[in-house]
1. Using a Gaussian network model of the chain whose springs link C-alpha atoms within less than 10 Å, name the residue from 50, 63, 21 with the highest mean-square fluctuation.
2. Would you mind finding the longest exposed-site-free stretch of the chain, with exposed trypsin sites (Lys or Arg not before Pro) meaning DSSP loop and at most 11 other Cβ atoms within 10 Å?
3. Please work out how many pairs of lysine residues in the chain are eight or more positions apart (or on different chains) and have Cα atoms closer than 19 angstrom.
4. With an 8 Å cut-off on Cα pairs and a minimum separation of 6 or more residues, tell me the relative contact order of the chain in percent.
5. Go through region 1-87 and name the GluC sites (Glu not before Pro) that are in a DSSP coil and have 15 or fewer other Cβ atoms within 10 Å of their Cβ.
6. Please give the length that would be gained between residue 58 and residue 79 if that part of the chain were fully extended, namely 0.36 nm times their separation in residues minus their C-alpha to C-alpha distance (nm, one decimal).
7. Can you give the helix-only mean residue ellipticity at 222 nm for the chain, where every DSSP H stretch with n ≥ 4 adds -39500 (n - 2.57) and the sum goes over all residues, rounded to the nearest 500 deg cm²/dmol?
8. Using unit Cβ charges (K, R positive; D, E negative) and no other charged atoms, how large, in debye to the nearest 20, is the dipole of the chain about its Cα centre?
Amino acid sequence: MSKPRSKEKIEISEFVSIGELAEISGFRYSTLKHYTEIGILSFEQQDVGLKRQYNKIKSIKRLSEIKVLKTEKRFTIAEIMEYYNSSQV
């Protein structure tokens, strides 16, 4: 297991791990994992077996959108999946 990166290094990084994304976004690790598995939160992976890397800015933006859809518009997760699949956002 690798040593955790400092907050300063996370702040200047373009890509973050799922744990780092959970830390900076306020979303639970399990929620982010679920969103990734159902396809509403994307990641990049350079080779098989390497850990998933999330584009920090794009991921924070997407999580903010999801939060608005859930809280203000009262979308269900299924409706959010349909929204992103139909609009190809």
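1. Of 50, 63, 21, the Gaussian network model singles out 50 as fluctuating most.
2. Details: sites that count: 28, 51, 73, 74.
Counting at most 11 other Cβ atoms within 10 Å as exposed, the longest clean stretch of the chain is 1-27.
3. The result is 17.
4. Working: 63 pairs, mean separation 22.8, N = 89.
Relative contact order of the chain: 26 percent.
5. Values: sites: 8, 11, 14, 20, 23, 37, 44, 65, 72, 79, 82; in loops: 14, 72.
Qualifying residues, ordered by number: 14, 72.
6. On the way: separation 21, 0.36 × 21 = 7.56 nm, distance 2.06 nm.
5.5 nm is the gain from fully extending residue 58 to residue 79.
7. Working: 5 runs with 50 residues, N = 89.
The per-residue figure over the chain is -16500 deg cm²/dmol.
8. On the way: 16 positive and 12 negative charges, 50 e Å.
Using Cβ point charges on Lys, Arg, Asp and Glu, the chain gives about 240 debye.
Where a number appears in this text, it was derived from the coordinates with a stated rule and is not lab data. Please read these numbers as outputs of a predicted model, since none were measured by experiment. Here the Cβ is made from the backbone with ideal geometry for all residues, glycine too, and neighbour counts use every protein chain on show.
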